[in-house]
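Contents: one structure, followed by commentary.
The values are calculated or read from the model by the stated rules, or taken from the named source; none is laboratory data. Remember, predicted model here, so these are calculated numbers, not experimental data. Cβ atoms come from the backbone with ideal geometry, glycine included; neighbour counts cover every protein chain shown. Areas reflect the complete protein model, heavy atoms only, side chains present, ligands, DNA and RNA absent. Shrake-Rupley method; radii C 1.70, N 1.55, O 1.52, S 1.80 Å.
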Amino acid sequence: MNKVVANADEAIRDLQDGAVIMSGGFGLCGNPENLIKAIHRKGVKNLTIISNNCGTTDKGLGILLQTRQVRKMVSSYVGENKEFERQFLAGELEVELNPQGTLAERIRAGGAGLGGFFTPTGAGTQIAQGKESRVLDGREMIFEKPLKADYAIVRAWKGDKWGNLVFRKTARNFSPMMCTAARITIAEVEHLVELGELDPDQVHVPSVYVNRIFQGTSHEKPIEKRTVRKG
Amino acid sequence: MPLTREQIAARAAQELRDGYYVNLGIGMPTLVANYVPKGIDVIFQSENGMLGIGPYPTEAEIDPDLINAGKETVTEIRGTSYFSSADSFAMIRGGHIDIAILGAMEVSEQGDIANWTIPGKVLKGMGGAMDLVSGAKRVIVAMEQVARDGSKKLLKECRLPLTGKKCVNTVMSELAVIDITPQGLLLREVAPGVAADDVQKVTEPKLRISPELRTIKI
């Protein structure tokens, strides 16, 4: 078994136009920067991107919008991105908004082999339109379908050569579920370590979910809102 | 005298109790963390996957891997835990969060809330707001009584697309503390120097006035 690839370009070698891609990250935190840049370089088009946000105007997934590589976004929050707003209002970009918890759970369901779930979130709102609704345990709930993808791209703090992953702080967010819900999961890690170096009790994503892994070359880790207190 | 934004936050913080797990929305609700009553432990949840949000970092402490749901850099405290987004929303949807305090564009007398979009004007997305209003044990809205264009925000029916139906418990504004009850709006507290009539003037539905109406103490 050899899941280790040399770099991001090799990791996405078979990614083609029209692919459905899940990308980990919350805002610019926990973004798979090397993989996003490789997709940008490769120039593949008509992508469907499933990710909580779409980066900012010029960072993160936002760079794929600038080059018109994205056909559809499935997200929960898309503010802070002027190009996104422009393309959406011009009808160039399809957008499917999901409540954040519904998005996370749809991905989890996709990876866990479930046919969907009933949730109270969004009942009686626009989100419920066209969805099956039931009263369960005295509450109105709506049916949400699972999400799957061709590729999941995530960034982890540490990963071993089999693909066991450990995340750091709030950089974890959607990545663990995304790893489970794609045909091919690619992890870029800040530290690629030998088997046995990770504490098995501390693994966040077990290796079965990861198909390709490499150590990222430079993680810029941009900060969206730099808030500080006096020291 | 109407309350300042800081004072509204301070009033909302009086609802916190020892051991509460609390989610604060972006904007004015974030200020609530500055007014936690002394001597109690309140744990703030951030829906991007953190329990136990600490203060903003010093320059030296800034960590790009550590942000809150408003994407601001924060710190951890002793006892912090991190988890995935699915776990975070299981926590929220599953009724494990004691209070969610958030802002709103409109609230109805049935407790409906609209705070995520203005059709044709703003496209940002609902983020975690729909999950929070449907899942938290108690939902407090901290907002101004009137919008910038002068229109009332506490209405018979919301006009904007809803974030959730029948989910708001209490509204705290610069003028008043108002509970949403099965019988409609109940005025419980007024800001110092503010009369019940003043609150009614900027509230569309008829207010019932609590027999124990009192003045907000900060």
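Helix A:33-42 axis versus longest C-alpha principal axis of chain A: approximately 80°, rounded to the nearest ten.
Look at the dipole of the range B:1-155 built from charges on Cβ: of B:T30, B:Q45, B:F83, the Cα furthest out on the positive end belongs to B:T30.
Couplings 3J(HN,Hα) of the range A:122-130, computed from phi: x, 4, x, 10, 3, 4, 7, 4, x Hz, in residue order, whole Hz [Karplus 6.51 cos²θ - 1.76 cosθ + 1.60, θ = phi - 60°; x for Gly and Pro].
Basic side chains Lys and Arg get +1 at the Cβ, acidic Asp and Glu get -1 at the Cβ, and with that the dipole of chain B about its Cα centre reaches some 740 debye.
What aspartates and glutamates could a cross-link reach from A:K37, if we take a straight Cα to Cα line under 19 Å and drop same-chain neighbours fewer than 8 places away? Once the sequence-local aspartates and glutamates are set aside, what remains near A:K37 is A:D9, A:E10, A:D14, A:D17, A:D58, A:E83, A:D150, A:E188, A:E190, A:E220, A:E224.
Given A:K72/B:K153; A:K158/A:K221; A:K3/A:K42; A:K148/B:K137, which pairs have Cα atoms separated by over 27 Å? Beyond 27 Å: A:K72/B:K153; A:K148/B:K137.
Here B:K201 is the anchor, and the aspartates and glutamates within straight C-alpha reach of less than 18 Å, apart from those fewer than 8 places off in the same chain, are B:E106, B:E109, B:E144, B:D149, B:E157, B:E174, B:D179, B:E189.
Using a probe of 1.4 Å on the protein chains alone, the accessible area found for B:E72 is around 40 Å². Whole-Hz Karplus values for the range B:24-36 come out as 10, x, 6, x, 3, x, 4, 5, 4, 4, 6, 10, 4 Hz, taken residue by residue from phi with 6.51 cos²θ - 1.76 cosθ + 1.60 and θ = phi - 60°; glycine and proline positions read x. Our coupling estimate for the range B:115-121, obtained by passing each phi through the Karplus curve with A = 6.51, B = -1.76, C = 1.60 and θ = phi - 60°, is 8, 10, 7, 10, x, x, 10 Hz, Gly and Pro reported as x. Here the range B:124-148 and the range A:67-99 have alpha carbon centers that stand 23 Å from each other.
Convex hull volume of the Cα atoms of chain B, normalised per residue: 135 Å³. The charge dipole of chain A, taken about the Cα centre with unit charges on the Cβ atoms of Lys, Arg (+1) and Asp, Glu (-1), comes to about 360 debye, rounded to the nearest 20.
Taking all protein chains together and rolling a 1.4 Å probe, B:I218 ends up with roughly 110 Å² accessible. Reducing the range B:166-218 and the range B:1-44 to their Cα centroids gives an inter-centroid distance of 19 Å.
Amide H contacts of A:T185: A:A152, A:N211, A:R212, each under 5 Å away and 5 or more positions distant or on a separate chain (H built 1.01 Å from N in the peptide plane; Pro and chain starts excluded). With the convex hull drawn around the C-alpha atoms of chain A, the volume per residue stands at 162 Å³.
With every protein chain in place and a 1.4 angstrom probe, the accessible-area ranking of B:D131, A:D17, largest first, reads A:D17, B:D131. Around the amide H of B:G164, modelled in the peptide plane, lie the amide H atoms of B:I113, all under 5 Å away and 5 or more residues distant in sequence or on another chain. Determine the alpha carbon to alpha carbon distance for each of A:K230/B:K38; B:K166/B:K217; A:K145/B:K121 and list only those over 25 Å. Distance filter (> 25 Å) returns B:K166/B:K217; A:K145/B:K121. A simple charge model with +1 on the Cβ of Lys and Arg, -1 on the Cβ of Asp and Glu and nothing else charged puts the dipole of the range A:1-104 at about 180 debye relative to its Cα centre.
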